[in-house]
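Structure first, then comments.
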Amino acid sequence: MQFAGSHILSVHQFERADVERIFTVADRMEPYAQRRRITRVLEGAILGSMFFEPSTRTRVSFGSAFNLLGGEVRETTGFESTAIAKGESLYDTARVLSGYSDVIAMRHPAEGSVGEFAAASRVPVINGGDGSNEHPSQALLDLYTIKSEIAGRGRGIDQLRIAMVGDLRYGRTVHSLCKLLCLFDQLQVVLVSPGELRMPGEIVEQMRRAGLEVVESEQLEASIAHVDIVYSTRIQEERFSTQEEADLYRGRFRLNQSIYTHHCEPNTVIMHPLPRDSRDNAQELDDDLNDNPNLAIFRQADNGVLVRMALFALILDVVDQVDQHARDVNWYTARRF
Ligand code: NCD
């Protein structure tokens, strides 16, 4: 695809070569994310960061990525602080705010809303999550993490065995990740969820059409026994009509160190888009896994900065200039990775 000036709304936009290009650029961002070098390549550029749903990682890592490239960030959070609360349409908001930014990252609770906003925007828009539909930058950073975690074992993404666990109906991260996996070969995917929270049928069909072997299950232990990656997810309580309904599923599948030791292969990588729900009745990933070296969740969150830097550099067409506007840092930097 042509990255310069493009919106990033869905993983459907990418071919395998595009994903590989993003990953190559992300690798080049490491000295900057690790604070060994700084670059001013986007000096003067403005990111409009618009998050109309709770967000920690996605919002802050989009902002950090832009800052690390030398740009500035204008944040808008919550409908109540915008004229949308006065009845302004997404169209008008997009027409106006795109006049104040060079690129926009946006999260919104309604499916398709970020696409609607992008259609009226005069600058590129990146989808930071639209309802339960898609979360393309998360899928890219998830896949980048999968690739990095298994690279030391001499393996690539093709032929991997992956289990996805939890709320597969409303989880936009797993929707985007499953669609992205369709670009790769001979993968085996086990989808573990309560029957009511299964992966939407059209995504399962799409994976099978792409040649992936897909099995659906309601049994955690047996499903994680022979996989390279376990990708756990939170029950998306904000998508249920009542808390009581969400409570029916919370805590249904819990992975802890004892289950891991007894059922997983020794090097199985544990992932989660985060936030993990650490309340007593949930705990889909127990804190007792924190010292497990295969728990990749914080490396995964770190990778968000690399991948988002890569997206900005590609969309704003500065990949080849990043190193020209760089120098070593002159302050103490803690080792991050
Ligand atoms: C996810 C999201 O918002 O879809 N979080 C994230 O962006 N890392 C997953 C979640 O909220 O459960």
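The values are calculated or read from the model by the stated rules, or taken from the named source; none is laboratory data. All values derive from a computational prediction rather than experimental measurement. Please note: Cβ atoms are built from the backbone with ideal geometry, for glycine as well, and neighbour counts cover all protein chains shown. With ligands, DNA and RNA removed, areas are computed over all heavy atoms of the protein, side chains included. Shrake-Rupley method; radii C 1.70, N 1.55, O 1.52, S 1.80 Å.
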Sparse-neighbourhood loop hits (trypsin sites (Lys or Arg not before Pro), the stretch 230-337; DSSP loop; Cβ within 10 Å at most 16 others) -> 254, 279, 335, 336
Largest fluctuation, 186, 324, 13 only, Gaussian network model of the chain with Cα springs under 10 angstrom, belongs to 324
For the chain, dividing by residue count, accessible area per residue (probe 1.4 Å) in Å² works out to 43 Å²
If each K or R counts +1 and each D or E counts -1, the residues other than residue 78 whose Cβ falls under 15 Å of its Cβ total -1
For the stretch 51-57, Karplus-derived ³J(HN,Hα) couplings (6.51, -1.76, 1.60; θ = phi - 60°; whole Hz; x for glycine and proline) come out as 10, 9, 9, x, 6, 10, 4
Per residue convex hull volume, Cα only, the chain, in Å³ is 141 Å³
For residue 285, the residues 5 or more places away or on another chain with a placed amide H closer than 5 Å to its own amide H are 255, 277
Contact order relative to length for the chain, counting C-alpha pairs under 8 Å separated by 6 or more residues, stands in percent at 21 percent
What the Cα atoms of the stretch 136-298 span along the principal axes, largest first and in whole Å, is 44, 37, 29
Diffing the stretch 116-128: the Karplus 3J(HN,Hα) column from phi (6.51, -1.76, 1.60, θ = phi - 60°), in whole Hz with x for Gly and Pro, holds 4, 4, 4, 4, 9, 7, 8, 10, x, 10, 10, 6, x
Of the accessible area of the chain, computed with a 1.4 Å probe and all protein chains kept, carbon and sulfur make up a percent value of 46 percent
Once normalised by the length of the stretch 136-298, the mean sequence separation of its alpha carbon contacts under 8 Å that are 6 or more apart gives a contact order in percent of 22 percent
Which of 110, 26, 313 fluctuates most in a GNM of the chain (C-alpha springs under 10 Å)? That residue is 110
Diffing the stretch 83-92: the Karplus 3J(HN,Hα) column from phi (6.51, -1.76, 1.60, θ = phi - 60°), in whole Hz with x for Gly and Pro, holds 6, 4, 5, 9, x, 5, 7, 5, 4, 5
